[in-house]
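Take a look at the structure below.
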Amino acid sequence: MERTEIQELGEFALINRLTKELQNNAPSTLLGVGDDAAVIDPLGKRVVVSTDMLVEGVHFDLSYVPLKHLGYKAVISNISDVCAMNAKPTQILVGLGVSNRFSVEALEELYDGIKTACQLYEVDLVGGDTTSIPSGLTLSVTALGLVDPEKIVTRSGASAGDLLVVSGELGSAYLGLQVLEREKAVFKEAPTAQPELNDHSYIIERQLKPEARTDIIRELADLEIKPTSMIDISDGLASECLHIVAASGSCI
């Protein structure tokens, strides 16, 4: 496989190469990649903003996480936070810290995952930054979303007697991580051994390729239901319940 060193292109040529085929589709995106800043028209709505940083060796392990899956997951984890505010994700910005261990082709693979998530969820990539770091890979995504002022849902609206409802199958991603870590340990002991993943494809996909519940936001709107409180539970159900309790106060 061809390998192009990042220093052969330089920062701006690299950004142009990674973003050259981007098209803006959201009506709220007036100006995206290519200028000093993006221009967003909130269309009379409230703007919801969330950001997450993923650091190699802390949040992901490239020995079993493909770069395309990493790019996809980075987008999903951020727009999921936007959904937790009962908002529709509309734009993202990507910050990338990369060492010379990675080639231009590797970054294109990462951006393939980012672009795939943007296309699937109808979100525009409108800007970001790229810089060199001494080692490893760091990925930061900022997500923006829009919501009608009267439809914003925070963590602080819960009260005693409210029904606690979750979406999806909790624990699947954690089990997928355990399988991947197990196979990594086996590989260290026996590098010629083939990974045993066939019976675990679903939970591995939940770990490597999670999905944001934009469908829940649409269903709530269709049913004209506004929850009293919402929160993203990617960090675990118990801890997030405590966050709702702490923020709401009245249900302690």
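The values are calculated or read from the model by the stated rules, or taken from the named source; none is laboratory data. Worth saying up front: this structure is predicted, and the values here are computed from it rather than measured. With ideal geometry, Cβ positions are generated from the backbone for all residues, glycine too; neighbour counts draw on all protein chains shown.
Quick rundown of the values:
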quantity	calculated
Yes/no for Gly171 being exposed (fewer than 13 other Cβ atoms within 10 Å of the Cβ), over 23 Å from Arg46 (Cα atoms) and either touching a helix residue (DSSP H, G or I) at 6+ places or on another chain (Cβ under 9 Å) or modelled with pLDDT of 95 or more (or both)	yes
Residue list for the range 17-39, restricted to those being modelled with pLDDT of 95 or more, in contact with a Leu (Cβ under 8 Å, 6 or more places away or on another chain) and surrounded by 14 or more Cβ atoms within 10 Å (Cβ to Cβ)	Ser28
Single unsatisfied condition, Ser63 versus (1) closer than 28 Å to Gly176 by Cα; (2) modelled with pLDDT of 95 or more	(2)
Selection within the range 45-96 - under 12 Å from the mean Cα position of the chain (by Cα) and β-branched (Val, Ile, Thr)	Thr51, Val75, Ile76, Ile79, Val82, Ile92, Val94
Residue check for Gly95: in a strand (DSSP E or B) and touching a helix residue (DSSP H, G or I) at 6+ places or on another chain (Cβ under 6 Å)	no
Tally, over the range 97-121, of residues that are of a type in the set (Asp, Glu) and under 13 Å from the mean Cα position of the chain (by Cα)	0
Residue in the range 70-89 that is surrounded by fewer than 17 Cβ atoms within 10 Å (Cβ to Cβ) and out of contact with any His (no Cβ under 7 Å at 6 or more places or on another chain) present	no
Flag for Arg17 being under 17 Å from Lys115 (Cα atoms) and assigned by TED's automatic domain parsing to the domain that holds Gly127	yes
Looking only at the range 119-149, and only at residues there that are in a helix (DSSP H, G or I) and in contact (Cβ under 8 Å) with a residue 60 or more places away in the chain, the one that is surrounded by the most Cβ atoms within 10 Å (Cβ to Cβ)	Tyr121
Helices (runs of 4 or more DSSP H) wholly inside the range 175-252 containing at least 3 residues that are more than 26 Å from Leu110 (Cα to Cα) and modelled with pLDDT of 90 or more	214-222, 237-248
Matching residues, the range 24-36, being of a type outside the set (S, T, N, Q) and over 14 Å from Gly95 (Cβ atoms)	Ala26, Pro27, Leu30, Leu31, Gly32, Gly34, Asp35, Asp36
Single residue of the range 203-223 satisfying the filter (of a type outside the set (A, V, I, L, M, F, W, C) and in contact with a Gly (Cβ under 8 Å, 6 or more places away or on another chain)) that is surrounded by the fewest Cβ atoms within 10 Å (Cβ to Cβ)	Glu205
